[in-house]
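As structure tokens, the structure follows; a few thoughts come after it.
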There are 2 protein chains.
Amino acid sequence: MARAGTTARKTRNQMEKRQAIFEAALDVFSEKGLRGATLEQVAKAAGLSKQNVVYYFAGKDEIYAELLESLLEKWVQPLHDLTADGDPLDEILTYVSRKVQMSRNMPRESRLFATEILHGAPRLGEVLPTDLKALVDEKAAIIQGWMDAGKLAPLDPHHLIFSIWAMTQHYADFDVQVRSVLGPERSASRFEDAEAFIKDMLIRTLRP
Amino acid sequence: MARAGTTARKTRNQMEKRQAIFEAALDVFSEKGLRGATLEQVAKAAGLSKQNVVYYFAGKDEIYAELLESLLEKWVQPLHDLTADGDPLDEILTYVSRKVQMSRNMPRESRLFATEILHGAPRLGEVLPTDLKALVDEKAAIIQGWMDAGKLAPLDPHHLIFSIWAMTQHYADFDVQVRSVLGPERSASRFEDAEAFIKDMLIRTLRP
DNA sequence: ATGATTTCTGCACGATCGGTCAACATTTTT
DNA sequence: AAAAATGTTGACCGATCGTGCAGAAATCAT
């Protein structure tokens, strides 16, 4: 009778179905965007009927919103793992590695966030200026500390982080363009080549 | 009776109206995407009725397709202007300047192309592997020549171009995120800071 | 001025989509 | 096994959207 997700309690079956819907929604939304995708496409990809999807989620927007939220933590984890403990250059290069790895293995998530931010991030508007800003400021301060200690060349840490985001996510978000320009042969190793290139660039740049 | 754009000939009035529709479409499509935008939003932004818009263009998709095509040339012009004539580093830094300038002054165009490519570039599929690839290959060869001559540090020219695209367009496409993270104060100079940062990074990287 | 051409609008159709609801089926609980 | 809760489906509705079309209105040519 009542909808499934009404209470906070979730049975095993409910969790599985919701996960299947999330997986399908990630597929469809990342490819067509929120408005471009239909509930029926999501339902079909999840192996359910449209009405059954609505049984587990209040509606299309809720699926999208909850999907975004459920992925956010995993998405910023690599930056979170950048700590003041290790060697400065190693920390940053490891961060690059993980970001390239995410572009390769999680292109759908990358495109989902890219589309959302590209269109003004109406469903992330709260979290960007608070949580994300706090996280970036914290890591920028660490990098600044390394620079002040003479362990890295002095650069703007915020724009350094932006440039790493931009260069790494570029290979997920604009994969079609990258492959078109590189051609079939060179496309095969595009992620390895990109990682090597970006690391090389950062090593030359950050060397004190 | 018949539609306006049937023949190749276009009167002055027709050109003006079409231009107004293009301008409105750029506004709406870049903000909401093709599927997310409606003809009526475009019409209203152009100061016309929905049916009148259809009089000048066959339909929504045609507006979008012709808009993309009409912007493509202007969009790749900066790369086209990169020639073997000038000083290697100057040529590249000038290219960066122009790309940052475009992110600042033409963010709608940037987001339009970004959205299109992000979703698989179904309406650019032909031009990417032919025209764009040829252009990038040509410029990559020039850069490679500079590197072979010892005027620049040896790096993969294709990925160098990608990285410039990524870093510069990032400030247009993800402007909301950039501003959120930087905060109101630092956002004011974000384009100047970005240009200085990227140039600094490239100087350090490309120095032989 | 008059006819021809261009420009614009009113009306409305067909399709699609998100969402509702009642009924039916299945599983779980007692 | 009976009852209750959970899960699923078919039919359908209201709204929106793209588009077609007849004809009015405005502009232009002669």
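Pairs from the list A:Lys74/B:Lys133; B:Lys32/B:Lys74; B:Lys139/B:Lys199 with a Cα-Cα gap above 26 Å: A:Lys74/B:Lys133.
When every Cα-Cα distance of the protein assembly as shown is counted in 20 angstrom steps from zero, the calculated P(r) takes the values 24, 54, 21, 1 percent. Taking a Cβ cut-off of under 9 Å around B:Leu68, the surrounding Lys, Arg, Asp and Glu residues balance to a net charge of -2, with basic ones at +1 and acidic ones at -1.
Over the residues of chain B, the helix contribution to mean residue ellipticity at 222 nm works out to -24500 deg cm²/dmol, using -39500 (n - 2.57) for each DSSP H run of at least 4.
Looking at region A:106-166, the pairs of alpha carbons with a distance over 14 Å make up 66% of the total.
The equivalent ellipsoid of chain A has semi-axes of 37, 21, 13 Å, largest first, where each one is the square root of 5 times an eigenvalue of the Cα gyration tensor.
Ligands, DNA and RNA left out, the 1.4 Å accessible surface of chain A is 51% carbon and sulfur atoms. Taking Lys and Arg as +1 and Asp and Glu as -1, the other residues whose beta-carbon sits under 10 Å from that of B:Leu124 total -3. Placing a label point 7 Å from Cα along the Cα-to-Cβ axis, A:Met15 is separated from the same position in the other copies by 6.6 nm, shortest listed first. Between the Cα long axis of helix B:88-105 and the first principal axis of chain B there is an angle of about 30°, rounded to the nearest 10. From the residues A:Ala65, A:Thr130, A:Gly36, which one has its Cα farthest along the dipole of chain A in the positive direction, the dipole being from +1 and -1 charges on Cβ of Lys/Arg and Asp/Glu about the Cα centre? Value: A:Gly36. Among residues other than B:Asp200 with Cβ under 14 Å from its Cβ, the summed charge is +1 (Lys and Arg +1, Asp and Glu -1). Net charge dipole, region B:71-206: roughly 440 debye, given to the nearest 20, about the Cα centre with Cβ charges of +1 for Lys and Arg and -1 for Asp and Glu. Sorted from closest to farthest, the other copies place their A:Lys50 label points 2.0 nm away, with each point set 7 Å from Cα along Cα→Cβ. Accessible surface buried by the A/B pair amounts to about 4800 Å², both sides summed, 1.4 Å probe. Taking +1 at the Cβ of each Lys and Arg and -1 at the Cβ of each Asp and Glu, which of B:Ser49, B:Ala84, B:Met106 sits farthest along the dipole of the protein assembly as shown towards its positive end, judged by Cα position relative to the Cα centre? Selected residue: B:Ser49.
Relative to the longest principal axis of the Cα atoms of chain A, the long axis of helix A:107-118 lies at roughly 90 degrees. Taking all Cα pairs closer than 8 Å and separated by 6 or more residues, the relative contact order of region A:71-206 comes to 35 percent.
Residues of region B:118-166 that bury at least 50 Å² of accessible area when the other protein chains are present, relative to the chain alone (probe 1.4 Å, heavy atoms, ligands and nucleic acids excluded): B:Leu118, B:His119, B:Lys133, B:Leu155, B:His159, B:Phe162, B:Ala166.
Solvent-accessible surface of chain A, taken per residue with a 1.4 Å probe and all protein chains present: 45 Å². Binning the C-alpha pair distances of region B:76-121 at 5 Å intervals from 0 yields a P(r) profile of 6, 21, 22, 19, 15, 11, 6, 1 %, listed from the shortest bin outward. When only Cα pairs below 8 angstrom with a gap of at least 6 residues are kept, region B:4-58 shows a relative contact order of 40 percent.
Relative to the first principal axis of the alpha-carbon coordinates of chain A, what is the inclination of helix A:60-80, with its axis defined by its Cα atoms, in degrees from 0 to 90 and to the nearest 10? Taking the Cα atoms of chain A, the angle to A:60-80 is about 20 degrees.
The values are calculated or read from the model by the stated rules, or taken from the named source; none is laboratory data. On a predicted model such as this, the values are computed, not experimentally measured, just so you know. No Cβ is skipped: glycine too gets one built from the backbone with ideal geometry, and neighbour counts run over all protein chains shown. Note: accessible area is taken over every heavy atom of the protein model, side chains too, but ligands, DNA and RNA are not part of it. Shrake-Rupley method; radii C 1.70, N 1.55, O 1.52, S 1.80 Å.
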